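Engineer: Pasting a structure here, questions to come.
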Amino acid sequence: MTQSESTTTTTADPGDPSEAVVCTGLEYSFGQTKAVDGLDLTVRTGEVFGLLGPNGAGKTTAIRSITTLLPVPSGMVRVFGHDPAKRQMQVRRMLGYVPQQLSADGGLTGRENVSLFARVFDVPRRERAARVAQAIAAVDLTDAADRLAKTYSGGMVRRLELAQALVSAPRLLVLDEPTIGLDPIARTSVWECIDEVRAATGMTVLVTTHYMDEADQYCDRVALMHRGRIRALGTPEQLRTEVGEQLELAEPPTLDDVFRHFAGSGLANATENEGEFKDVSRTRRTASRVG
Ligand SMILES: Nc1ncnc2c1ncn2[C@@H]1O[C@H](COP(=O)(O)OP(=O)(O)OP(=O)(O)O)[C@@H](O)[C@H]1O
Ligand SMILES: [Mg+2]
């Protein structure tokens, strides 16, 4: 039995309430590609945690294991103390998830899309209409709620997806590149929506982004993931200071510099990877549908 297998079988505690997500030794492979390779990660309850890293680092794969969409073949994952493999529905009910790929149906109105999520996530029937309206208002789409989603701009689609994720009042909101392809104003408005809901509910946020300025501004802590595992972890300021000291820079580095420092060496290899076409085409698809 491997160490990670033994961890899976021996951990049965209800979890520390201060920990929203815990991953220990998480691994996931697609055929020969080890997408997640011994991921150790803790997201504290109430924080905004940014999972950063180059294309193909394994962020989406890790997130899909955390959100029950992929199994956990090796290692341990807990969401508020629950094992997603054994308590799939409990975990799903605690989660709001905005995937990297499109999750709204263009042939439905904004309100219908959000209602669908409310039904799927068991929002009580009597509360449903009010909760849907509340989620739509939280993302500032009330005026457009009864238009087909295919008539929305990219920023509106992303906000609609946010409303879909928020309608079940999740304890943990998981966002996979929520602002990809959006203009700076639309990006800010997505983050303002998240901030407002957080302030009102204390919800925990786990987010991936390639925009280092956003990570710097909005994340309490960030982790740099590269080739399937975490290479650096801390507050954006801690990481900037640490890299500035290591490189003996006169000026404090930006989070972009921190990203390059920890991930730069692997970018050449990442683009040789068999996943390259899929990564690029997926990103383009996402960007074009929202752009
Ligand atoms: N369904 C799949 N089938 C085969 N390989 C996959 C699949 N999904 C992901 N991979 C591979 O797993 C690795 C990690 O991919 P993942 O999508 O988790 O990366 P990521 O960090 O989210 O990247 P990005 O920033 O581009 O979204 C890549 O090499 C990718 O090609
Ligand atoms: Mg991804």
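The values are calculated or read from the model by the stated rules, or taken from the named source; none is laboratory data. Everything quoted here is computed from the prediction, not taken from an experiment. All Cβ positions, even for glycine, are placed from backbone atoms using ideal geometry, and neighbour counts span all protein chains on display. For accessibility, only protein heavy atoms count, side chains too; no ligands or nucleic acids. Shrake-Rupley method; radii C 1.70, N 1.55, O 1.52, S 1.80 Å.
Engineer: Take the eigenvalues of the Cα gyration tensor for the range 3-290, scale each by 5, and report the square roots as semi-axes in whole Å, largest first.
Structural biologist: Here the semi-axes work out to 30, 23, 19 Å.
Engineer: How large a share of the accessible area of the chain, in percent, is made up of carbon and sulfur atoms when the probe is 1.4 Å and the other protein chains stay in place?
Structural biologist: Roughly 50 percent, rounded to a whole number.
Engineer: Moving on. For every helix of n ≥ 4 consecutive DSSP H residues, a contribution of -39,500 (n - 2.57) applies; sum these over the chain, divide by its total residues, and give [θ] at 222 nm rounded to the nearest 500 deg cm²/dmol.
Structural biologist: For the chain, the value works out to -13000 deg cm²/dmol.
Engineer: Can you work out ³J(HN,Hα) from phi for every residue in the range 202-213, in order, using Karplus 6.51 cos²θ - 1.76 cosθ + 1.60 and θ = phi - 60°, giving whole Hz and x for Gly and Pro?
Structural biologist: x, 4, 8, 10, 10, 9, 10, 7, 9, 8, 5, 5
Engineer: Could you give the radius of gyration (one decimal) and Dmax (whole number) of the Cα atoms in the range 1-152, in Å?
Structural biologist: Radius of gyration, then largest Cα-Cα span, for the range 1-152: 18.0, 57 Å.
Engineer: Kindly write out, for the range 113-119 in residue order, the coupling ³J(HN,Hα) from the Karplus curve 6.51 cos²θ - 1.76 cosθ + 1.60 (θ = phi - 60°), rounded to whole Hz, with x marking Gly and Pro.
Structural biologist: The phi angles translate into 4, 5, 4, 4, 5, 4, 5 Hz.
Engineer: Quick one: net charge of residue 208's neighbours, Cβ under 12 Å, K/R +1, D/E -1?
Structural biologist: Overall, the nearby charge balance is -1.
Engineer: Right, here's the next one. Pairs of alpha-carbon atoms within less than 8 angstrom and 6+ residues apart define the contacts here; what relative contact order does the range 3-290 have, in percent?
Structural biologist: 23
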